[in-house]
Amino acid sequence: MNRYTVAVLVRNQFGVLNRVTSMFRRRQFNISALTVSETESSLLSRITVSFDGEESCKQQLINQLYKLPDVRSIKEITPANSISCELLLIKMRNDPATRNDILAAADAFGAVTVDYSKDSVTFRLTDESRKLDDFINLMRDYHILEICRTGSVSLEKGAATISQTINF
């Protein structure tokens, strides 16, 4: 099974997100990450979905998404054709016995301390999914209090845009 990421440009209207995600549910794809935001035009939203599946099933899903009236364009996102990143907020127990190790690890990964209290320290890290996974796995050796993570946000490299490939 492979992991895929697609960006779907849709009309910015009530219920569109539900219709798009329902297509994944009906095809029994498990969505591993989902981000949605308004684009440079308030008339359009961009839905970025990461999911696991087989190549043939992915292509069938994309063909079905094109049939939704609110879908304007779909672009498969790959590491070769895009710039991608995620945001991680991770709250750690601020234990004097492990504090220096945690702070050193955060520094090594480029994480920024965004909250520091007697009992906890919260870091923000923005990078590729793999690097966030590595940081979380390292922090599992300590006491993680809470994790909040966005899905991947991606843009194509170069001058190409998703709106240039409008498919009706």
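The values are calculated or read from the model by the stated rules, or taken from the named source; none is laboratory data. Remember, predicted model here, so these are calculated numbers, not experimental data. Heads up, the Cβs are rebuilt from the backbone with ideal geometry, glycines too, and the neighbour counts pull from every protein chain shown. Surface accessibility is based on the protein's heavy atoms, side chains included, excluding ligands, DNA and RNA. Shrake-Rupley method; radii C 1.70, N 1.55, O 1.52, S 1.80 Å.
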Residue 155 accessible area, 1.4 Å probe, all protein chains in place, Å² to nearest 10: 110 Å²
Per residue accessible area in Å² of the chain, where ligands, DNA and RNA are left out and the probe is 1.4 Å: 58 Å²
Accessible surface of residue 131 - all protein chains present, 1.4 Å probe, nearest 10 Å²: 60 Å²
Over the range 1-82, relative contact order from alpha-carbon pairs under 8 Å, at least 6 apart, %: 46 percent
Base-10 log of normalised Debye intensity for the range 30-126 (one unit scatterer per alpha-carbon) at q = 0.12, 0.17, 0.19, 0.20 Å⁻¹: -0.63, -0.88, -0.97, -1.02
Contact order normalised by residue count of the chain, Cα under 8 Å, 6+ apart, percent: 29 percent
Length gained when the stretch residue 95-residue 3 is fully extended (0.36 nm per residue, less Cα-Cα span): 29.4 nm
Sites excluded, GluC sites (Glu not before Pro) in DSSP loops with at most 12 other C-beta within 10 Å, longest stretch of the chain: 55-168
Spin-label model distance (nm) - residue 131 vs residue 22, 7 Å beyond Cα toward Cβ: 3.9 nm
Solvent-accessible area, 1.4 Å probe, carbon plus sulfur percent, for the chain: 50 percent
Pairs of alpha carbons in the range 73-168 whose separation is greater than 17 Å (percent): 55 percent
